[in-house]
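Below is one structure; the comments refer to it alone.
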Amino acid sequence: MIARSNLPGWLDKDIVLLALSMFFRRASQGFLQIVRAIYLAIIGFDPLTIGFMTGFGSAVSIIESTLFGVLSDRYGRKLFLFIGNLMSVARFLLYALSRDFWILLIAQGIGALGEGEGAGQPVVSGYISDKIVDGTKRTRTFSTLAITNALGSTIGSLLAALPEFFKKNLSLNEADAYILLFWIGFLFNLISLITIILIREPNTGEKPRRQSVKSTIKSPQAIREITLYSLVRSTDGLAMGFVSSLAPLYLYLRFNADSEDLAPIYAAARFIPISLYLTMPLLVERFGYVKPLIVARAASGLSSLLIAFALDFRLASSSLILYMVLVETVMPIRQAFATEIASASSVGSLVGISNSLRTLLRSITPVVTGFFFQISQFHLPYILGSSLFFLNSFQFYKFYSKKGVTRGLIESV
């Protein structure tokens, strides 16, 4: 048992259990994000089909972003953490059992409902908001969870090298070596599911908790702020979609890099931000939320351009590491920023609604990117992504730099 007295005041037993659950989820997603597109190419799917399958999963995740966020404001967080985790278990099971297009497409859809346990996702953001009232302490919590997520993703990224090990030492063919890795993902998510069962629902002090869903977002101020934030997040989502969604396939097709080559690249990109997360609360205290986001988005645009025009694997992979470090490092700031512009009862709604629109637009990018890859225009998705990052930097400056951000800017009525 984890004694509360041995933990900081902003990090109780339930937050530790949540972090542990997220660790195993991130480990499995860490290698899945690397090997999925490569595995689909190995078993015979073309880039456009792979892009469609990836985009389908993103489109289905709109259900998670919208309904899970809003309904968790009404019915509580734990139920939806459990459902999302169960969907992740089912996704890996289907990947391990079938190579059929339709089964894998279903797995993509089911898995999309299970990708909501990241710290920036609506249910988790709402859970943290319910647990921790103070804004500075909440930023520390997001930074701490970012560290555990990064550790999980780093380990998961290194596990992406296992198919090559399985192929050499277990006499498996290339596709079967990936199947064994999917079984590992199934086990990780099963452990995560058990951990979620042990988590307690936050006590918000609201009686009754099950308020009307409309009441969390019906004020004109809330509608304006949710619309504005959704616009900013949509641009961000499109940019990341073009740059990130099929990056492993890009390196595989253009430079013949397999999952063993990509494992240390992604591991480095996910490990480097860990020490930087510790500085995020200090950065917020010194500069606020908005200035770091403006600079980081502009720098992400520059790194995306470097990926677009890289002539060899070394430069492309180094630029990808730079891009991922920039995105990951400021993620706790952006996550805490979202909770600061919303009242406690509407955090899930703000994050959920903005994520749903962001996800809808982002689901288009893998299909477009896959089409560009199929016609050998590898640089175009990264030029588009770079342009959108610059636009997103400008949006943060235009919409938020001259406005103070305080807790409860969006008030429920």
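Does the stretch 70-79 contain at least one residue that is in contact with a Leu (Cβ under 6 Å, 6 or more places away or on another chain), of a type outside the set (Lys, Arg) and either outside any helix (DSSP H, G or I) or at pLDDT 85 or above (or both)?
Within the stretch 70-79, none of the residues are in contact with a Leu (Cβ under 6 Å, 6 or more places away or on another chain), of a type outside the set (Lys, Arg) and either outside any helix (DSSP H, G or I) or at pLDDT 85 or above (or both).
Taking the options Ala316, Ala257, name whichever one is under 23 Å from Gly370 (Cβ atoms), part of a loop (DSSP other than H, G, I, E, B) and of a type outside the set (Asp, Glu).
Just a single option satisfies the conditions, and that option is Ala257.
When the residues of the stretch 241-255 are narrowed to those that are surrounded by 20 or more Cβ atoms within 10 Å (Cβ to Cβ) and either of a type outside the set (Ser, Thr, Tyr) or touching a Lys or Arg at 6+ places or on another chain (Cβ under 7 Å) (or both), which ends up farthest from Leu361 (Cα to Cα)?
Leu251
Taking the stretch 256-272 as the region of interest, how many residues are within 17 Å of Ile50 (Cβ to Cβ) and surrounded by fewer than 22 Cβ atoms within 10 Å (Cβ to Cβ)?
Within the stretch 256-272, residues that are within 17 Å of Ile50 (Cβ to Cβ) and surrounded by fewer than 22 Cβ atoms within 10 Å (Cβ to Cβ) number 3.
Conditions: (1) more than 30 Å from Ser376 (Cα to Cα); (2) in contact (Cβ under 8 Å) with a residue 24 or more places away in the chain. Leu251 meets all but one. Number of the miss?
Unmet for Leu251, out of (1) more than 30 Å from Ser376 (Cα to Cα); (2) in contact (Cβ under 8 Å) with a residue 24 or more places away in the chain: (1).
Could you grab me the full set of residues in the stretch 282-305 that are in contact with a Leu (Cβ under 7 Å, 6 or more places away or on another chain) and either within 14 Å of Ser387 (Cβ to Cβ) or among the charged types (D, E, K, R) (or both)?
Ser300, Ser303
The values are calculated or read from the model by the stated rules, or taken from the named source; none is laboratory data. These numbers come from a predicted model, not from an experiment. No Cβ is skipped: glycine too gets one built from the backbone with ideal geometry, and neighbour counts run over all protein chains shown.
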